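See structure below.
A short reminder: the numbers here are calculations on the coordinates, not readings from a lab. A quick note: this is a predicted structure, and the numbers were derived from the prediction, not measured. Cβ: placed from backbone, ideal geometry, glycine included. Neighbour counts: every protein chain shown.
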Amino acid sequence: MSERYLITTPIYYVNDLPHIGHIYTTVMADIFARYHRMKGEQVVFLTGTDEHGQKIERSAKAKGVAPIELANEVVRRYETLWKDLEISNDDFIRTTEPRHEAAVAEIIRRIQAAGDIYKGEYTGWYCAGCEAFYVETQLVEGRCPDQGHPVELLSEPSYFFRLSAYRDKLLDWYRDNPGCIQPKSRYNEVVRFVEGGLRDLSISRTSITWGVPFPGDPDHVVYVWLDALTNYISALGFGSDDDTRFREFWPADIHLVGKDILRFHCVYWPAFLMSAGLALPKTIFGHGWWLRDEAKMSKSAGNVVRPDALLKKLGPDPLRYFLAREMTFGADSSFSDEAFLTRYNAELANKLGNTVSRTIAMTHRFAGGRIPAPQASGPIAEAAAIAFTSSIEAMDSLAPQKALDAIWKFLEVLNGFIQERAPWTLAKGGAPERQLLEETLGTCLEGLRIVAMLIAPFMPGIASKISSHLATGLPDVLPEPSELWGGVQVGAPLPPAEPLFPRIDINAYLKESATDDGPAGKPASSPVPPEDQTPKEISIDEFARTRLVVGTVREAELVPKSKKLLRLMVDLGEESPRQIVAGMATKYAPEDLVGRQVVVVANLKPVTLMGVESRGMVLAASEDGEPFILAPDGPVSPGTGVR
Ligand code: MSP
């Protein structure tokens with residue numbers, strides 16, 4: 001019988017559309033769910049929506065709709081978003097579903113039977129933003145201490161849960177299960193909080209009506225956090241006729257939550273479960289916040305990044321990669337479009353995309369387009385084994401960013417191997433060199449097959465694209481380490497290489513974002529620097545950073561579908577000519593340029609123009625938009641410096 005793994009996300013409030021912070025929890029849960037499936041485990045991955053409570057009741061009222069209409073609309077958005085992000089959840093639980101309400105009634109019945117509920121009067125402060133109760137001394141400048149939301153004074157009849165009676169039992173649980181709250185800093189935070197003593201908790205409301213009716217007392221609705229936390233078992237069938245999944249999968253292996261909702265998950269939830277005689281979750285992991293301008297991204301702060309435009313432009317994989325790579329799991333991190341695009345170009349387009357397309361292209365050029373046999377063993381196979389075991393260790397210790405580190409280190413090894421073996425030089429040699437060439441390409445393709453397998457939980461789309469390029473397909477289950485190397489289909493034909501991650505011109509992208517609601521849907525007012533009209537003075541050292549050289553145009557042609565752009569192959573005295581895109585077609589015919597000398601900015605960051613990568617810029621004077629090529633006064637060797 002294979003092992004079982006239950007992973008959950010918090011269920012999301014339906015008062016607003018999802019932003020990067022919400023997406024993060026679900027993407028990380030999806031990455032772990034996919035990883036555990038690849039370990040051959042039976043996985044249940046749950047997510048859903050938290051639809052009751054004062055916050056939703058008020059939001060719906062402000063919008064002039066019934067709460068359920070608001071919920072239906074936002075749920076529709078969540079479902080589309082999860083599909084667009086390739087989230088592989090096994091269920092989506094809504095707290096307005098009858099199966100959920102049945103589970104809430106059942107857990108309350110059990111808590112009541114344990115003698116832990118009594119009726120009283122709640123007088124104190126309430127924060128509708130957090131849906132949380134506070135006593136006067138907890139408030140900070142008259143606001144909620146956790147998020148600074150406004151609070152209001154309540155005085156209403158209420159049922160109470162004897163939370164105070166669970167202080168010692170909770171402390172015992174924390175002590176006996178040091179891994180139950182992670183990371184360690186959050187564990188310590190929770191233990192300190194509980195050591196300070198617990199007050200009984202109000203678990204019903206009478207001043208709102210949008211909630212699960214309190215069993216046996218229809219004047220009350222169940223407090224929204226008791227209602228919401230129960231989703232983790234209602235989705236498994238607890239309290240319903242068929243509770244097989246509950247019996248098989250509970251307790252959860254991991255509840256993934258943001259650090260702002262730790263108290264509810266690490267104090268209230270285990271106490272409810274203890275009272276109801278149910279098993280406690282194995283781990284509650286509190287991840288950090290995505291910040292924007294140092295503040296938590298949240299609707300109330302008005303500083304959210306929404307993912308729609310990014311997803312539309314680049315698909316789900318780059319965003320999934322960035323979220324997992326940028327944030328140390330557990331710590332806070334800032335979201336910026338610049339950081340996203342920089343990682344995209346450097347790590348996805350360059351390191352991953354280029355290695356794949358370059359290796360495939362060389363296999364076509366030098367090895368007849370069929371996969372040659374890899375080395376049977378050696379340093380590359382060893383480096384692959386290290387990447388494999390380190391990334392598994394990292395995933396098992398909840399450090400996904402370290403798993404990515406290990407995989408990208410291996411990509412560097414593969415790139416170093418290509419540079420060192422130089423297939424383009426081997427191709428000019430005799431039979432022994434040709435054999436070495438084939439072995440080099442086969443080894444790289446095998447390495448890339450392993451990379452695809454390891455990145456599959458993070459970027460399922462790209463992983464299966466790479467695998468199908470390599471004619472293998474992704475395995476359902478990770479192999480044993482001893483079976484890792486050598487799975488590539490020797491002799492299989494390779495399809496032509498296609499770019500996996502077209503490079504992005506960051507400046508152009510950010511400029512575009514300032515006018516079209518942004519790559520990440522950020523507000524149009526975002527501070528993108530205005531175009532600088534008169535460049536400020538620079539020192540000679542700054543000027544010296546620009547590498548200007550003379551080149552000779554060897555080939556020229558129009559970029560397909562463009563009236564202005566020419567694709568040039570310019571000899572700069574390097575190993576092979578450089579591809580440069582120049583906006584000169586309105587003035588120069590391609591055939592007029594072949595053989596001409598030009599001056600090139602040789603250390604410009606590559607950009608992609610109309611789908612063609614440009615690795616430099618040809619200098620021209622520009623009068624009224626008409627280009628005039630600059631050239632040396634007489635012929636010089638390609639690569640000669642200009643100063
Ligand atoms: N409905 C409750 C959860 C109930 S679970 C039984 C809730 N919903 S929420 O929609 O406000 O937040 C859901 C999750 O998103 C929380 O884990 C929260 O921490 C996370 N995030 C919301 N904003 C965030 C950031 N800016 N950064 C990272 N995650 C944050 O709380």
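Observations
- Rounded to the nearest 20 debye, the dipole magnitude of segment 351-483 is 660 debye, with +1 charges on Lys and Arg beta carbons, -1 on Asp and Glu beta carbons, and the Cα centre as origin.
- Shape category assigned to segment 226-333 from the gyration tensor of Cα positions, a/c cut at 1.5: prolate
- For segment 58-171, the alpha-carbon radius of gyration amounts to 1.39 times the rule-of-thumb value 2.2 N^0.38 Å expected for a compact globular protein.
- Rg/Rh for segment 46-119 stands at 1.09; both radii use Cα atoms, and Rh follows the Kirkwood definition.
- The residue 332 and residue 207 beta-carbon pair, evaluated with R₀ = 35 Å, returns a calculated FRET efficiency of approximately 0.50.
- Extent along principal axes [Cα atoms of segment 326-478; Å; largest to smallest]: 56, 33, 25
- Charged neighbours of residue 553, selected by a Cβ distance under 9 Å, balance to 0 (K, R count +1; D, E count -1).
- Whole-number D in µm²/s for segment 107-190 (Stokes-Einstein; Kirkwood sum over Cα pairs; 37 °C, 0.692 mPa s): 215
- Taking Lys and Arg as +1 and Asp and Glu as -1, the other residues whose beta-carbon sits under 11 Å from that of residue 86 total 0.
- With Cα atoms as the point set, the radius of gyration and Dmax of the chain evaluate to 29.9, 98 Å.
- Viscosity 0.890 mPa s, 25 °C: Kirkwood-radius Stokes-Einstein D of segment 568-620 over Cα pairs, µm²/s: 211
- Ellipsoid semi-axes for segment 388-490, based on the Cα gyration tensor and the rule √(5λ), read 28, 15, 12 Å when sorted largest first.
- Applying 1/(1 + (r/R0)^6) with R0 = 41 Å to the Cβ-Cβ distance of residue 586 and residue 422 gives a FRET efficiency near 0.55.
- In the chain, the DSSP-assigned H stretches of four residues or longer account for a calculated mean residue ellipticity at 222 nm of -11500 deg cm²/dmol, using -39500 (n - 2.57) per stretch and the full residue count as denominator.
- Helix 431-455 and the long axis of the chain differ in direction by around 20°, with both axes built from C-alpha atoms.
- Each of 618, 283, 388 was placed along the dipole of the chain (beta-carbon charges, centred on the mean Cα), and the one lying farthest toward the positive end is 618.
- Other residues within the sphere of radius under 13 Å centred on the Cβ of residue 642, judged by their own Cβ, net out at +1 (K and R +1, D and E -1).
- Leading residue at positive end of dipole, the chain (Cβ point charges), from 115, 252, 157: 252
- In a simple Cβ point-charge model (Lys, Arg +1; Asp, Glu -1; nothing else charged), the chain has a dipole of about 740 debye relative to its Cα centre.
- For segment 155-257, a crude dipole built from +1 on the beta carbon of Lys and Arg and -1 on the beta carbon of Asp and Glu, taken about the Cα centre, is about 460 debye to the nearest 20.
- Considering only 599, 224, 129, the residue lying farthest towards the positive end of the dipole of the chain is 599, judged by Cα position with unit charges set on Cβ.
- Pairs over the 24 Å Cα-Cα cut-off, from the set 312/511; 39/409; 83/605; 402/605: 83/605; 402/605.
- Rounded tilt (10° steps) of 355-367 against the dominant C-alpha axis of the chain: 40
- Within straight-line reach of residue 55, meaning a Cα separation under 20 Å, sit the following aspartates and glutamates at least 8 residues removed in sequence or on another chain: 16, 69, 73, 97, 101, 131, 146, 152, 156, 219, 227, 260.
- Per-pair calculated FRET efficiency, R0 = 22 Å: residue 80 and residue 401 via Cβ, rounded to 0.05: 0.20
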